[in-house]
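Report on the structure given below.
The values are calculated or read from the model by the stated rules, or taken from the named source; none is laboratory data. Here the structure is a predicted model, which means the values were calculated and not measured. Cβ: placed from backbone, ideal geometry, glycine included. Neighbour counts: every protein chain shown. To get the accessible areas, we keep the full protein, side chains included, count just its heavy atoms, and leave off ligands, DNA and RNA. Shrake-Rupley method; radii C 1.70, N 1.55, O 1.52, S 1.80 Å.
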Amino acid sequence: MRRWGAALALAAALAAAAAGLRAQPMKYIEPPALAEEVKAGRLPPVARRLPDTPLVVRFDAGAAPGRHGGTLNTLIGRTRDVRLLVVYGYARLVVYDRHLNLVPDILESIEVKDDRVFTMRLRRGHRWSDGHPFTAEDFRYYWEDVANDRELSPAGPPSELLVDGEPPKVEYPDKHTVRYSWSKPNPDFLPRLAGASPLFIFRPAHYLKQFHRKYNPKAAEAAAGAKRGWAAVHNREDNMYQFDNPRLPTLQPWVNTTRPPADRFVAVRNPYFHRVDPEGRQLPYIDRVVLGVVEAKLIPAKAGAGESDLQARDLQFHNYTFLKKGETANDYRVHLWKTARGAHFALYPNLNVADPVWRAVVRDVRFRRALSLAIDRSLVNQVLYFGLANEANNTVLAESPLYRKEYQTKWAQYDRKAAERLLDEVGLRRGGDGVRRLPDGRPLEIIVETAGESTEQTDILELIRETWREVGIKLFSKPQQREVLRNRVFSGQALMSVWSGWENGIPTADTSPDELAPTSQQQLQWPRFGQHFETGGKAGEPPDLPEAAELLRLYHAWRRASSREERARIWHRMLAIHADQQFVIGVVNGVAQPVVVRNALRNVPAKGLYNWDPGAFFGIYRPDTFWFADGAREAGR
């Protein structure tokens, strides 16, 4: 029990609190929106809808218990973003709290032994959104009938559940207890359960069994008659994260009622949600969430016109001045939260680029260092971020206990002369037009490919273009669709791309350093190295750069480490390698994120962390506790 002491201590406290609740039952308050259904007998009263020991939410400073009611409007740029209801709702087996500690949520408690044995205890009486009991059977169904069914899961269980290829032993001692265990530590298990896009190790078995051939042979016959396999039908119905199947029961605070395609998604309160406030009000406070689908580029204008009650999605820092101007007239306020990625903007030289000449050049660390030294980060910061961002490599932020100044600044200070010396050493000489030449005589022209989703990226590239031109490099940008961009990087057609940096810029020694090692094809600097890791060597290429291979060795060493001190030493070695090698060329981090909040909306913190994982954007601040002040909440915004 070496790594999750805080979580286990809280679990014990929750268990003690639960015992107290059983001894002195709390009086629960019915949401008025459900009173009519309760009166008509279509729903049981709130005390019978809640678990025996619901999660009692405690409020941090600046927040307070609120009132039921109201509709929260927000905007999304595409229909698939209905999944943000799962992200923002942030109901998980375990969750990150505001201090980024892992604590039980859906689970009543969890016991961890040596990072190998995880014993999870469910809340008795907890129910799915349709009222059906949530029990160990939902875990058994997932493990035995989904993850290990070759038709539903041809690749087998998710890689996160395999430790050196070993699947877990999964046990169900009783209907409220589930145990996952491995012979070796699995330090990633709890963080993956708590993720913004979580590892769901349970399913609503009572609903999905009707589509499973094992439990309903007629399902296979019907699917065959419709010329589609039963597994395809089951997988289409089983979309807990996509959240686009209104019939699929959920444990989230709101239930989607709209099937796509649609230009407006309506989610209503989950009558069986497991959290209550200290006064006994069942959460969420807000009755409905409406997601309006509009062009992403129109979202800043619509938010500034007062058409969203809570908006950060598709807002950028450069929208801040415009949004501030509309505060008084349109009844909202604008907060600036802190982003926590390793880099807000980063360049990704493709070390697996197919062109052999370019491959040799980008694999020369002197070239990557020269590119970094030739970026005037101060100019980018002043022109685009009012000097409020950090001029930095792709690395950890000062809020991380692993932060060191040299990780932020090494090879990241603008130095034109040093950049030119390095380019000369590589043998990239200038031609008569001032543009350097590749070893085969081609001009040194770098096409930087983007997802075409942000004018901010274009603005930064324009500033980089000017300083790169001074050292003899021509830069061209090429926007395209996100899927096309990724496929071009994966295939080696793209020489360089743009994305944000590490998702988690505030790690501790106990945070997995998987982002720092070649562990995923999604890592745009070495997609084939990552693919080789993901497929167990069946595809991609093994890392043939010594430093990349060293990062992978260190990642495995971290997973075997027996102390926090050893894990910290490994983290520092990996961070030092990245700062020195410039595999990803960060430009700025710590950029502020505008958050538009309706004036009547309460419990949204003025200062917060806006991050995907950990954080789930609004998720760690529990939007189920946001509420509308009296006089605005019934307006049905």
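Any residue at all in the stretch 423-436 that is part of a loop (DSSP other than H, G, I, E, B), among the aliphatic types (A, V, I, L, M) and more than 29 Å from the chain's Cα centre (by Cα)?
Yes, that holds for at least one residue.
Return the residues of the stretch 110-143 that are open to solvent by 10 Å² or more (accessible area, probe 1.4 Å) and among the aliphatic types (A, V, I, L, M); say none if nothing qualifies.
V117
So, in the stretch 404-440, how many residues would count as being modelled with pLDDT under 95 and among the aliphatic types (A, V, I, L, M)?
0
Would you pick out the residues in the stretch 183-204 that are over 24 Å from P614 (Cα atoms) and under 26 Å from the mean Cα position of the chain (by Cα)? Give the steps one after another, and end with the answer.
Taking the stretch 183-204 as the starting set, the residues that turn out to be over 24 Å from P614 (Cα atoms) are 183-184, 204.
Within the stretch 183-204, just P204 meets the criteria.
So T625 clears everything in (1) among the polar types (S, T, N, Q); (2) out of contact with any Pro (no Cβ under 9 Å at 6 or more places or on another chain); (3) closer than 30 Å to A63 by Cα except one condition, right? Which one?
(2)
Out of all the residues in the stretch 484-505, which are in contact (Cβ under 8 Å) with a residue 40 or more places away in the chain, open to solvent by 30 Å² or more (accessible area, probe 1.4 Å) and not in a strand (DSSP E or B)?
F490, S491, Q493, E503, listed by residue number.
Take the stretch 412-428 and flag every residue that is open to solvent by 70 Å² or more (accessible area, probe 1.4 Å) and closer than 14 Å to R366 by Cβ.
R421, E425
Could you please find all residues in the stretch 279-316 being of a type in the set (K, R) and not in a strand (DSSP E or B)?
Scanning the stretch 279-316 gives K297, K302, R313.
Tell me the residue from P154, P198 that is out of contact with any strand residue (DSSP E or B) (no Cβ under 8 Å at 6 or more places or on another chain), touching a residue at least 60 places away in the same chain (Cβ under 8 Å) and part of a loop (DSSP other than H, G, I, E, B), please. Steps first, answer last, please.
Numbers: P154 fails: touching a residue at least 60 places away in the same chain (Cβ under 8 Å).
Step by step, each of P154, P198 is checked, and only P198 is out of contact with any strand residue (DSSP E or B) (no Cβ under 8 Å at 6 or more places or on another chain), touching a residue at least 60 places away in the same chain (Cβ under 8 Å) and part of a loop (DSSP other than H, G, I, E, B).
Pairs, please: C-beta under 8 Å, at least 6 apart or cross-chain, first residue more than 16 Å from W337 (Cα to Cα) and at pLDDT below 95 and in the stretch 614-637, second open to solvent by less than 10 Å² (accessible area, probe 1.4 Å) and charged (D, E, K, R)?
Close Cβ pairs (under 8 Å, with a partner that is open to solvent by less than 10 Å² (accessible area, probe 1.4 Å) and charged (D, E, K, R)) amount to A632/R598; R637/D309; R637/R598.
Among residues belonging to the stretch 316-335 that are free of Cβ contacts under 8 Å to residues at least 40 places away in the same chain and of a type in the set (K, R), point out the one that is farthest from A592 (Cα to Cα).
It comes out as K325.
Say whether the condition of being open to solvent by less than 20 Å² (accessible area, probe 1.4 Å), in a loop (DSSP other than H, G, I, E, B) and in contact (Cβ under 8 Å) with a residue 24 or more places away in the chain is met by at least one residue in the stretch 216-235.
no
Only residues that are without any contact (Cβ under 8 Å) to a residue 40 or more places away in the chain and either assigned to a loop (DSSP other than H, G, I, E, B) or not acidic (D, E) (or both): list them for the stretch 459-483, please.
Across the stretch 459-483, the qualifying residues are L461, R465, R469, K474, L475, F476, S477, K478, P479, Q480, Q481, R482.
Hey, does the stretch 266-273 have a residue that's at pLDDT 95 or above, at positive phi and part of a loop (DSSP other than H, G, I, E, B)?
No, there is no match, as no residue in the stretch 266-273 is at pLDDT 95 or above, at positive phi and part of a loop (DSSP other than H, G, I, E, B).
Among T508, T458, T450, which is the only one that is hydroxyl-bearing (S, T, Y), modelled with pLDDT under 95 and within 23 Å of the chain's Cα centre (by Cα)?
On the way: T458 fails: within 23 Å of the chain's Cα centre (by Cα); T450 fails: modelled with pLDDT under 95.
T508 is the lone residue from the list that is hydroxyl-bearing (S, T, Y), modelled with pLDDT under 95 and within 23 Å of the chain's Cα centre (by Cα).
Answer yes if at least one residue in the stretch 180-191 is farther than 26 Å from E534 by Cα and part of a loop (DSSP other than H, G, I, E, B), and no otherwise.
For the stretch 180-191, residues farther than 26 Å from E534 by Cα and part of a loop (DSSP other than H, G, I, E, B): absent.
Name the single residue, out of those in the stretch 48-58 being modelled with pLDDT of 95 or more and open to solvent by 40 Å² or more (accessible area, probe 1.4 Å), that is nearest to V268 (Cα to Cα).
We begin by selecting, within the stretch 48-58, every residue modelled with pLDDT of 95 or more; these are 48-57.
From what is left, the residues that are open to solvent by 40 Å² or more (accessible area, probe 1.4 Å) are 48, 52.
On the way: R48: 19, D52: 23 Å.
Checked the stretch 48-58; the qualifying residue nearest to V268 (Cα to Cα) is R48.
Give all pairs with beta carbons closer than 8 Å in which a residue from the stretch 507-523 that is under 14 Å from R573 (Cβ atoms) and touching a residue at least 60 places away in the same chain (Cβ under 8 Å) meets a residue that is open to solvent by 20 Å² or more (accessible area, probe 1.4 Å) and assigned to a loop (DSSP other than H, G, I, E, B); count only pairs at least 6 apart in sequence or on separate chains.
Listed by first residue and then by second, the contacts come to A509/P401.
Do we find that P401 is modelled with pLDDT of 95 or more, open to solvent by 30 Å² or more (accessible area, probe 1.4 Å) and not charged (D, E, K, R) in this structure?
no
Hey, could you check the stretch 363-382 for residues that are without any contact (Cβ under 8 Å) to a residue 60 or more places away in the chain and open to solvent by 30 Å² or more (accessible area, probe 1.4 Å) and say which is farthest from A305 (Cα to Cα)? Break it down into steps so the answer makes sense when it comes.
Filtering the stretch 363-382 for residues without any contact (Cβ under 8 Å) to a residue 60 or more places away in the chain gives 373, 378, 382.
Still in the running and open to solvent by 30 Å² or more (accessible area, probe 1.4 Å): 378, 382.
Working: S378: 33, Q382: 28 Å.
The selected residue is S378.
Within the stretch 317-362, work out how many residues are in a loop (DSSP other than H, G, I, E, B) and surrounded by 17 or more Cβ atoms within 10 Å (Cβ to Cβ).
Narrowing the stretch 317-362 to residues in a loop (DSSP other than H, G, I, E, B): 326, 331, 340-344, 350-355.
Okay, now just the ones that are also surrounded by 17 or more Cβ atoms within 10 Å (Cβ to Cβ), so 326, 340-344, 350-353.
Qualifying residue count, the stretch 317-362: 10.
When the stretch 160-185 is examined, which residues are found to be of a type in the set (A, V, I, L, M) and surrounded by 18 or more Cβ atoms within 10 Å (Cβ to Cβ)? Outline the logic, then answer.
Keep residues of the stretch 160-185 that are of a type in the set (A, V, I, L, M), which gives 161-163, 170, 178.
Selection gives L161, V163, V170, V178.
Residue-wise test of (1) open to solvent by less than 30 Å² (accessible area, probe 1.4 Å); (2) modelled with pLDDT under 95; (3) at positive phi.
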residue	(1), (2), (3)
A11	yes, yes, no
P25	no, yes, no
R80	no, no, no
Y90	yes, no, yes
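Can you tell me which condition P513 does not meet? The list is (1) within 27 Å of S400 (Cβ to Cβ); (2) more than 18 Å from the chain's Cα centre (by Cα); (3) buried (at least 23 other Cβ atoms within 10 Å of the Cβ), and all the others hold.
(2)
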